[in-house]
1. Determine which member of the set Ala69, Ala120, Ala131, Ala93 is in contact (Cβ under 8 Å) with a residue 60 or more places away in the chain and more than 24 Å from Leu47 (Cα to Cα).
2. So for segment 26-44 (the condition being farther than 18 Å from Leu140 by Cα, at pLDDT below 85 and among the hydroxyl-bearing types (Ser, Thr, Tyr)), does at least one residue qualify?
3. Sort out which residues of segment 117-137 are assigned to a helix (DSSP H, G or I), modelled with pLDDT under 75 and out of contact with any Gly (no Cβ under 7 Å at 6 or more places or on another chain), and write them in order of number.
4. Which residue, of Val42, Val68, Val110, Val99, is β-branched (Val, Ile, Thr) and surrounded by fewer than 12 Cβ atoms within 10 Å (Cβ to Cβ)?
5. Determine, yes or no, whether Ala11 is under 14 Å from Arg119 (Cβ atoms), at pLDDT below 85 and either assigned to a helix (DSSP H, G or I) or touching a Pro at 6+ places or on another chain (Cβ under 6 Å) (or both).
6. State all residues of segment 23-56 that are of a type in the set (A, V, I, L, M) and touching a residue at least 40 places away in the same chain (Cβ under 8 Å); if no residue qualifies, say none.
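The values are calculated or read from the model by the stated rules, or taken from the named source; none is laboratory data. Owing to the predicted nature of the structure, the values given are computational and were not obtained by experimental measurement. FYI the Cβ positions are ideal-geometry reconstructions off the backbone, even for glycines, and counts take in every protein chain you see.
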Amino acid sequence: MSGQPGAMTPANVIIYLVVILIVLYRVSRPQRISVSRMWIFVSLLLLLAAFAIYGSVRLFNPPPWEIVAAIVLGLAAGIPLGILRGHHTQVSATDRHGVMQLGPNWATAVIYLGAFGGRALLRWLLPPTSAIGTVVGDGLIVFAIGIIGATYYAVYRKYEALDHASASPK
């Protein structure tokens, strides 16, 4: 199994489990987060997604138009859902400018872990050179990134409204 391109090794499984546990721990409780840290988190997720897509392109070499189509479709589906999620996320201003309180957020973890899990399932079920497995899997990751990025954008807008309302003279 380990001689096959893209096959899961025990080290990969351990790394995935550690990442899953960290994500689940972080989202299971309310958290104070600065605006800059929020955008750093989204940037790290983008880098992880780009690294995963780059790896699949290097291993399976799908046509470029398929990758572009997966990215466009993933964003087109993910961004509206992310904006909707952001409108339903609990956001509170804190006493420090640039810092907000977010309620527990299991949906973000489920979305991101579900996208990576769906991608892994496609890779496991379909042949390694399958264009469907590669492109749809990459599209799922972009879908998750679109949701999370748009959610944080909507959360940021809510925070800005709260922050400006608390800063205005009464």
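1. Only one candidate passes the filter, namely Ala93.
2. Looking through segment 26-44, at least one residue is farther than 18 Å from Leu140 by Cα, at pLDDT below 85 and among the hydroxyl-bearing types (Ser, Thr, Tyr).
3. Correct list: Ala131 only.
4. Working: Val42 fails: surrounded by fewer than 12 Cβ atoms within 10 Å (Cβ to Cβ); Val110 fails: surrounded by fewer than 12 Cβ atoms within 10 Å (Cβ to Cβ); Val99 fails: surrounded by fewer than 12 Cβ atoms within 10 Å (Cβ to Cβ).
Checking each option against the conditions leaves just Val68.
5. It is false that Ala11 is under 14 Å from Arg119 (Cβ atoms), at pLDDT below 85 and either assigned to a helix (DSSP H, G or I) or touching a Pro at 6+ places or on another chain (Cβ under 6 Å) (or both).
6. Val23, Leu24, Val27, Ile33, Val35, Met38, Val42, Leu45, Leu46, Ala49, Ala52, Ile53
Per-residue answers, yes or no, for (1) assigned to a helix (DSSP H, G or I); (2) loosely packed, with under 15 Cβ neighbours inside 10 Å; (3) not aliphatic (A, V, I, L, M):
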{"residue": "Ala50", "(1), (2), (3)": "yes, yes, no"}
{"residue": "Tyr54", "(1), (2), (3)": "yes, yes, yes"}
{"residue": "Pro62", "(1), (2), (3)": "no, no, yes"}
{"residue": "Leu73", "(1), (2), (3)": "yes, no, no"}
{"residue": "Ala76", "(1), (2), (3)": "yes, yes, no"}
{"residue": "Ile79", "(1), (2), (3)": "yes, no, no"}
{"residue": "Gly82", "(1), (2), (3)": "yes, no, yes"}
{"residue": "Thr89", "(1), (2), (3)": "no, no, yes"}
